[in-house]
1. Given (1) within 27 Å of Arg106 (Cα to Cα); (2) of a type in the set (D, E, K, R); (3) assigned to a helix (DSSP H, G or I), where does Asp45 come up short, assuming only one miss?
2. Please go through the range 16-40 and pick out each residue that is buried (at least 24 other Cβ atoms within 10 Å of the Cβ) and away from ligand 2 (no atom under 16 Å from the Cβ).
3. Just to be sure I understand, how many residues within the range 70-108 are of a type in the set (Ser, Thr, Tyr) and within 17 Å of Cys23 (Cβ to Cβ)?
4. Quick test for you: out of Ala150, Ala145, pick the one residue that is in contact with an Asp or Glu (Cβ under 9 Å, 6 or more places away or on another chain), within 16 Å of ligand 2 (Cβ to nearest atom) and not in a strand (DSSP E or B).
5. Just name the residue that is farthest from Phe88 (Cα to Cα) out of those in the range 48-74 that are in a strand (DSSP E or B) and out of contact with any Leu (no Cβ under 6 Å at 6 or more places or on another chain).
6. Given Cys79, Cys142, which one is within 17 Å of Leu40 (Cα to Cα), surrounded by 15 or more Cβ atoms within 10 Å (Cβ to Cβ), in contact (Cβ under 8 Å) with a residue 12 or more places away in the chain and within 13 Å of ligand 1 (Cβ to nearest atom)?
7. Given (1) over 20 Å from Val54 (Cα atoms); (2) outside any helix (DSSP H, G or I), identify the lone condition not met by Ala175.
8. Collect the residues in the range 61-76 that are within 10 Å of ligand 1 (Cβ to nearest atom) and in contact with a Gly (Cβ under 9 Å, 6 or more places away or on another chain), keeping them in residue-number order.
Amino acid sequence: MSAVNSLRRGDALLIIDVQNDFCPGGALPIAEGDKVVPVLNRWIDAAVAARIPVYASRDWHPEGHVSFKESGGPWPPHCVQDTEGAAFRADLHLPANTIKVTKGTRFDHDQNSAFDETGLEAHLRRSGISRLWVGGLALDVCVLATVLDARRHGFDVTVIRGATRGVTPEGCREAERKMLEAGARFIDE
Ligand code: VGL
Ligand code: ZN
């Protein structure tokens, strides 16, 4: 039996930042970023069939955000609010009742984790969620920060490796090590 069939009540699918700018052709492209989409679509179908909620975070920066090079940050401008680059990939089949988590809006600091001042933890608790299945972009940036926070908050976490891609190979190896050390599990797909 494949893992996609093990979804049960108390689970949620948490999709991190599958937005145009993080895919080939975007402003901060991650190699093969678009390859996560078909894998995630299978998980979305399974989540809908099992009636478990789908959460999707999005990086949603104001112009001139502190994380942009022009403002002294590490990244080229990306995921600027209301631009096409900030939109979810159109081929990602998010259900109409997807719970959207918006982050990266603060003027004073970046928010790599979907838990950082978003209220996500409270929403998950209120919804009776204890187990998270996680995929998205980028493995060594926002997926990493989100998974570490999820573990800190005591959620059971499984990362779907085939549903993630990262910025650098070394970054991905180090990120996986940190997530495993924090008690997250990995499955291939
Ligand atoms: C991300 C770099 C900058 C991510 C967000 O979603 O992983 N990476 N902002
Ligand atoms: Zn960002």
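1. All conditions are met except number (1).
2. Val36, Leu40
3. Keep residues of the range 70-108 that are of a type in the set (Ser, Thr, Tyr), which gives 71, 83, 98, 102, 105.
Then drop every residue that is not within 17 Å of Cys23 (Cβ to Cβ), which leaves 83.
Total meeting the criteria: 1.
4. Just a single option satisfies the conditions, and that option is Ala145.
5. We begin by selecting, within the range 48-74, every residue in a strand (DSSP E or B); these are 54-59, 61, 68.
Now narrow it down to the ones that are out of contact with any Leu (no Cβ under 6 Å at 6 or more places or on another chain): 57-59, 61, 68.
Working: Ser57: 9, Arg58: 8, Asp59: 10, His61: 14, Phe68: 20 Å.
Only one residue fits best here, namely Phe68.
6. Only one candidate passes the filter, namely Cys142.
7. (2)
8. His61, His65, Ser67
Where a number appears in this text, it was derived from the coordinates with a stated rule and is not lab data. Note that this is a predicted model, so its numbers are computed, not measured. Cβ sites come from the backbone with ideal geometry, for glycine too, and all protein chains shown count toward neighbours.
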